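Each remark here refers to the structure printed beneath this line.
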Amino acid sequence: MKQYDHTKIEKKWQKAWADAEQYKTPDQVKGKDNFYLLVEFPYPSGNLHVGHWYAFAVPDMLARLHRMNGKNVMYPIGFDAFGLPAENAAIKNKLNPRTWTEQNIAHMKNQIASMGTSFDLSRMVSTIDPAYYKWTQWQFLQFFKKGLAYQKDTPVNWCPNDKTVLANEQVVTRSTSSGQVATCERCGHEVVQKQMLQWNIKITDYADRLVDDLDPLDWPNEIKESQRNWIGRSEGAEIDFPLEIGDNKKYKYVILHGFQSSPDRPRWLWLKSELEKSGHEVVMPSLPNPDDPSEQEWVETAINATTYDENTVLVGHSLGAVTALKVVERLKKPIFRLVTVGGFANREFKDKKRPFEETWKWEFDGEKIRSKTKAITVLHDPKDHAISDAQAKKLADLLGVAVTTGTSTKSHFAGDKEPDVLMWLRPTIRVFTTRPDTLFGATYLVLAPEHPWVALALQHKTVLKNNDEVQKYVDKANKKTDLERQESKEKTGVKLEGIEAINPASGEKIPLFVADYVLSHYGTGAIMAVPAHDERDFEFAQKFDLPIPQVVAPVIHVTKGGDAVREGEPMKKRDAVMAIVKHWEKDEYLCIEWKEFDEIRTFISGGIEEGEDVVEAGKREIAEESGYKNAKFIRSVGQVQFVEFYHQAKKGNVRAKMHYLYFELENGEQEPLSAEEDAKHSIVWKKRDEVRSFLTINEIGLIWDQLEHGNRPYVGAGELINSGEFDGLSIEGAKKKMTAAFGREKKTYRLRDWIVSRQRYWGVPIPIVHCDNCGPVAVPDDQLPVRLPDVEDYLPSGEGKSPLAKVDSFVHTTCPKCGGEAKRETDTLDTFVDSSWYFLRYTDPHNSEQFAENSKQKNWMPIDLYSGGAEHTTMHVLYSRFWHKALFDLGLVADAEPYTRRMNRSIILGPDGQKMSKSRGNVIDPDAVVAQLGADTVRMYLAFIGPYNEVGSYPWNPDGVVGVRRFLERLWKAQQYVQKEEVASLQNVLHKTIKKVGEDATQMKFNTAIAQLMVFLNALEKEKKIGESQWKTLLMLVAPFAPHIAEELWSELGDQTSVHAQSWPEFDPKLMVDDEKEVAIQIDGKTRGTIVLPTAVSKDEIEKQARLKIEVRLKGVKVARVIVVPGRLINFVTTR
RNA sequence: GCCGGAGUGGCGGAAUGGUAUACGCGAUCGACUCAAAAUCGAUUGAGGCAACUCGUGAGGGUUCGAGUCCCUCCUCCGGCACCA
């Protein structure tokens, strides 16, 4: 017999399989179902490491198994070859990223071949291939044309080390000794916040569907939950709080309409009536010749329409806004406020040219305008079809303010009603809350330091009586990042003196604060504070000494003991007081033990009489029940609660609205008790730590905690109180009614839009041309791909511009729309864009007309199983789900979800149980292990190390690898035992093995499947013989796990076909039946012995034999029951 | 703090509510060898001479019977976190 020479065997078969194109997968095979098994394609970092083996070679077992089970399996691979890891390494190695990457790909292709995986290499894709990224660009442009890709000037995360912006998902919050820091997901460097104009993708539009569509997916719960947490949907309501400024001053609103408009449009009539409802005056001149306007006529008409003074709010819409700028320039005295709605100060319209472009003078004196207005608001909708973000920013810069973002019901604020316009004209604060039920308890509002109303109020300088103080606070907050603000949980804030809001439910005037515990980017950047029912608001209210009125009361329904509610009997309502009374000297509390009833021990308590004050009632009850005269009220404890119980003395159910009060006796002065009272109960003094266990009151836990540690806000379930007509409603009921009466339903998300532009060379160029006249314009399809130019200097500049910006020949181009001079976008796309659709390309990898033909996609999509790393749960997996949905909405793919099943892979640690890293010196080089022990050993060891269908982390155990190698050696040597005749004694274990290996491997429990193969080999070695057909069956079972050795041993038998082309063997249940079974004999469930019995024996016989066997033990014991589970156990249950 | 997942020999791990620790590693002893490695054979949860007792993070519960189901708690891992 030859030696087991793994190197020779493995090379031989790898070549044979490649030559025969054995794993080239047809699109369809008659009579076979398609199965699409996907693994995340690797970065071509240069070398395959153990993690790659674990990611590719282990799922390969499933691919091979399914193939033998008659499925047409596609198991593709490619390279995610753009991006920072490759680029940084290229820079380090002083090579061009493309050269470096292509060399790596070539090397890694060879390494992949050495794994013995059944990848279909004819479908290989690479994201750096222009034939691939042409379609990345094309898809991006489809999104751009649909408004899903847009540019936005916002604070972004900038990694100073990688010199590029990062998406929110690519920022990792880490805890350090100095608090939490935001770090770069790739390099670990701390990120900084920068204000920059970046390309965003509107993933937030899909937030709901990304959450809801998770429900039916057959995915592990932890992956779904992580995504839900990341998206962070909150359901609640938006509620508007009108403001009163100063002495409720009334203003004169002068409204200038736009091009082709007039004052009798519904939106202007609506706006006018809304403003007049609030008592303001509205002047709305009709500007002449709206279809062919002239600057002079419009400005003159506007100026002559009325007088302008410090009470005037000048509002201009669209071209009216331009007119308004000109009007203000010419004023002598300053006006109160200038508001532009959909305004602009240059001619760069997003959609088309307009006839007034030439007749207007596009020159403005920003300084003069600023000096003639006390405050300015530039209202802009990012979805405006005509006005770009850049245009709005230009206008805002001219006027020295920030753009205020609003949402129009119809693009360019052209709807019949535009609530956002009204909101920014008539002072209103909009809040988002998940607890609209607590609206009556909203006793103040808190605005984020960045809230536009704060900025607006500060512009005026006179609106806020404490303007300087507020300005100081806002400036201080602006210097801090989100994380820095969170460093101290201590609440800070400043009251906005001179402004009040009106609680729309209670009608009460409530104060406003600015505080940095409210985040500007979440919800509306403003909250209604309900201190009684929110931890943070409670803390703030305590610090600022604000009232904390309770609006939700817990309901306690007594179900145990003598005072349990008697269901079905009427419930009498009453107000009641419970007095906690402390001894005048000792730390003891006054308790009452009722004499006529069992086990009722309470504090002093009783009903509140009509018109009686709660504290008075408490004092009265103390006097009546205990005789003590001098109780001093200290404070109320916890919340008012509804307690439902059976009142034994009054013989009826009572629903008490219970107030808890804390008193301290000033001295022991005491009136003698009446005989009547004395007969009912006795007084007991209990020490502090005894009270809790002594009393029988249900709510004592809640109350006592708050007595000892101070009151806490109540956030649990209950019933509304102090809420007018809403009293008595449950929280859920009140949420609905309150929202309907005072607000609108609203969902808010933690998810933010996906920033996709990167300031690096090695990526897909964003296929956009910037034109001074036309704005950002899509590169036409016939000019795609926009190729990444080969450049000399590809190092990142670090100044927020990609290296492409230095390549004149790339930058300078003509506008595809107007043919004028234009500049190319120089940022590149996040590589997560490349990987958002690669699995579609595998279905039709060589198509030059489409990214993938529809019918070809449908052969394979959706993906049957996608295996990858847990770190991609809220990155690649989320992005690609979004991307697929967006393609789905464009009719470009057939499914809303790309992955039928997703599973996360475990992590292989170094032998020391630590993450493998060069610095730790614990890196296992798979190439070296393969050279020594063979690819089959490495594959099989990785599969054996732990269950593949669960997430864990497994240390690489060098001895364990040797163990698997031993198994293969023994398998090799077992050849010598092969004989013609079948070995009957192996049939049972062989068929059990067929069953278990097939079932376990299908579920990706490769570890137990391999264990069963070992069980069989152990049995075979004991027999020292095996029939040829049985041997062949064994080789088929081994084939998915150790494909080379199985193929070699198979070929030794003279078969010309591949073992991998065989059908998976079938098991015969009849052969798996054991003749005899060991039966456990138990007494009261404890095993007292075992007995071997024929499988077919009757229950009675089992009992007879078992009784015989443990006769001694059963002596003197009375057996009450006997439970027999044939083939497993017999249990004698004794009377105890 | 909220949400998810997991705690089983010396180690990786295995167990449709039915004899806990399959399989592998390690360890101990033996065979082969001058010796070692490799290989083969045997033993291996703890305590006890033994009969036996105790054992799946802790404590309760359901059940004839619980690693498995229910409740409370602890620890570890992952996601989110001043998110209204």
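The values are calculated or read from the model by the stated rules, or taken from the named source; none is laboratory data. Being a predicted model, the structure only gives us computed values, none of them experimental. Positions of Cβ are generated from backbone atoms using ideal geometry, with glycine treated the same way; all protein chains shown enter the neighbour counts. Quick note on the areas: whole protein, heavy atoms, side chains included, nothing else; ligands and nucleic acids left out. Shrake-Rupley method; radii C 1.70, N 1.55, O 1.52, S 1.80 Å.
Here's the yes/no breakdown for (1) within 50 Å of the chain's Cα centre (by Cα); (2) over 20 Å from A:THR696 (Cα atoms):
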position	(1), (2)
A:VAL565	yes, no
A:LYS573	yes, yes
A:MET578	yes, no
A:GLU585	no, yes
A:ARG601	yes, no
A:GLY606	no, no
A:GLU610	no, yes
A:VAL615	yes, yes
What pairs come up if the first residue lies in the range A:110-134 and is closer than 20 Å to A:ALA63 by Cβ, the second is among the hydrophobic types (A, V, I, L, M, F, W, C) and modelled with pLDDT under 95, and their beta carbons are under 6 Å apart, counting only those six or more places apart or on different chains?
-> A:GLN111/A:LEU48
Scanning the range A:640-681 residue by residue, the ones that are modelled with pLDDT under 90, in a loop (DSSP other than H, G, I, E, B) and within 18 Å of A:ILE608 (Cβ to Cβ) total 2
Please work out which one of (1) surrounded by fewer than 18 Cβ atoms within 10 Å (Cβ to Cβ); (2) at pLDDT 95 or above is the condition A:GLU295 fails and give its number.
-> (2)
Using the structure shown, decide if A:ILE223 is buried (at least 16 other Cβ atoms within 10 Å of the Cβ) and within 14 Å of RNA strand B (Cβ to nearest atom).
-> yes
Strands (runs of 3 or more DSSP E) contained in the range A:374-467 and holding at least 1 residues among the aromatic types (Phe, Trp, Tyr) and open to solvent by less than 10 Å² (accessible area, probe 1.4 Å) = A:444-447
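If you go through the range A:607-619 one residue at a time, do you hit one that is surrounded by 13 or more Cβ atoms within 10 Å (Cβ to Cβ) and touching a residue at least 60 places away in the same chain (Cβ under 8 Å)? If you could, list the steps in order and put the result at the bottom.
Going residue by residue through the range A:607-619, those that are surrounded by 13 or more Cβ atoms within 10 Å (Cβ to Cβ) are A:607-608, A:612, A:614-619.
Adding the requirement that they be touching a residue at least 60 places away in the same chain (Cβ under 8 Å) leaves none.
No.
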For the range A:226-251 the number of residues that are under 17 Å from A:TYR899 (Cα atoms) and open to solvent by 40 Å² or more (accessible area, probe 1.4 Å) is 2
Would you point out the residue of the range A:507-516, among those that are assigned to a loop (DSSP other than H, G, I, E, B) and surrounded by fewer than 19 Cβ atoms within 10 Å (Cβ to Cβ), that is farthest from RNA strand B (Cβ to nearest atom)?
-> A:GLY507
Subset of the range A:1009-1067 (residues that are in contact with a helix residue (DSSP H, G or I) (Cβ under 6 Å, 6 or more places away or on another chain) and at positive phi) = A:LYS1024
One residue from A:GLU487, A:GLU497 being near RNA strand B (Cβ under 10 Å from one of its atoms), surrounded by fewer than 18 Cβ atoms within 10 Å (Cβ to Cβ) and touching a residue at least 12 places away in the same chain (Cβ under 8 Å) = A:GLU487
A:GLU185 fails exactly one of (1) within 13 Å of RNA strand B (Cβ to nearest atom); (2) in contact with a Cys (Cβ under 6 Å, 6 or more places away or on another chain), namely (2)
Return yes when A:VAL929 is among the aliphatic types (A, V, I, L, M), touching a residue at least 60 places away in the same chain (Cβ under 8 Å) and more than 8 Å from RNA strand B (Cβ to nearest atom) and no when it is not.
-> no
Which pairs have Cβ atoms under 6 Å, sit 6 or more apart or on different chains, and link a residue in the range A:1-18 that is more than 15 Å from A:ALA1039 (Cβ to Cβ) to one that is open to solvent by 20 Å² or more (accessible area, probe 1.4 Å) and of a type in the set (Asp, Glu)?
-> A:TYR4/A:GLU969
Selected residue (only one of A:THR404, A:THR443, A:THR433, A:THR409 is within 27 Å of the chain's Cα centre (by Cα) and either of a type in the set (Val, Ile, Thr) or at pLDDT 90 or above (or both)) = A:THR433
Which of the residues spanning the range A:1073-1091 are within 8 Å of RNA strand B (Cβ to nearest atom) and of a type outside the set (Gly, Ala, Ser)?
-> A:LYS1077, A:GLU1078, A:VAL1079, A:GLN1082, A:ASP1084, A:LYS1086, A:THR1087, A:ARG1088, A:THR1090
Complete set of residues in the range A:1092-1136 that are more than 12 Å from RNA strand B (Cβ to nearest atom), open to solvent by less than 90 Å² (accessible area, probe 1.4 Å) and within 14 Å of A:LYS1077 (Cβ to Cβ) = A:PRO1094, A:VAL1097, A:SER1098, A:GLU1101, A:ILE1102, A:GLN1105, A:ALA1106
Could you list all residues from the range A:792-817 that are in contact with a Ser or Thr (Cβ under 9 Å, 6 or more places away or on another chain) and open to solvent by 30 Å² or more (accessible area, probe 1.4 Å)?
-> A:LYS801, A:ALA805, A:LYS806
Considering only the range A:981-1007, how many residues are open to solvent by 50 Å² or more (accessible area, probe 1.4 Å), part of a helix (DSSP H, G or I) and within 15 Å of RNA strand B (Cβ to nearest atom)?
-> 5
Is there a residue being closer than 19 Å to A:ASP381 by Cα, in contact with a strand residue (DSSP E or B) (Cβ under 6 Å, 6 or more places away or on another chain) and either open to solvent by 80 Å² or more (accessible area, probe 1.4 Å) or among the β-branched types (Val, Ile, Thr) (or both) anywhere in the range A:200-220?
-> yes
Condition set crowded, with 18+ Cβ neighbours inside 10 Å and within 23 Å of the chain's Cα centre (by Cα), scope the range A:155-167, selection nearest to A:ARG750 (Cα to Cα): answer is A:ALA167
Does A:LYS480 satisfy the condition of being free of Cβ contacts under 8 Å to residues at least 60 places away in the same chain and not in a helix (DSSP H, G or I)?
-> yes
Test: residue in the range A:524-538 that is closer than 21 Å to A:PRO242 by Cα, open to solvent by 20 Å² or more (accessible area, probe 1.4 Å) and out of contact with any His (no Cβ under 9 Å at 6 or more places or on another chain) | yes
Considering each residue of the range A:721-740, count those that are within 20 Å of A:ALA656 (Cα to Cα) and within 29 Å of the chain's Cα centre (by Cα), and give that number.
-> 1
If we keep only residues of the range A:1018-1057 that are surrounded by 20 or more Cβ atoms within 10 Å (Cβ to Cβ) and among the small types (Gly, Ala, Ser), then the residue nearest to RNA strand B (Cβ to nearest atom) is A:ALA1042
Would you please list the contacts, defined by Cβ atoms under 7 Å and residues six or more apart or on different chains, that run from a residue in the range A:1107-1132 that is in contact (Cβ under 8 Å) with a residue 12 or more places away in the chain and on the phi > 0 side of the Ramachandran plot to a residue that is outside any strand (DSSP E or B) and surrounded by 11 or more Cβ atoms within 10 Å (Cβ to Cβ)?
-> A:GLY1127/A:THR1095
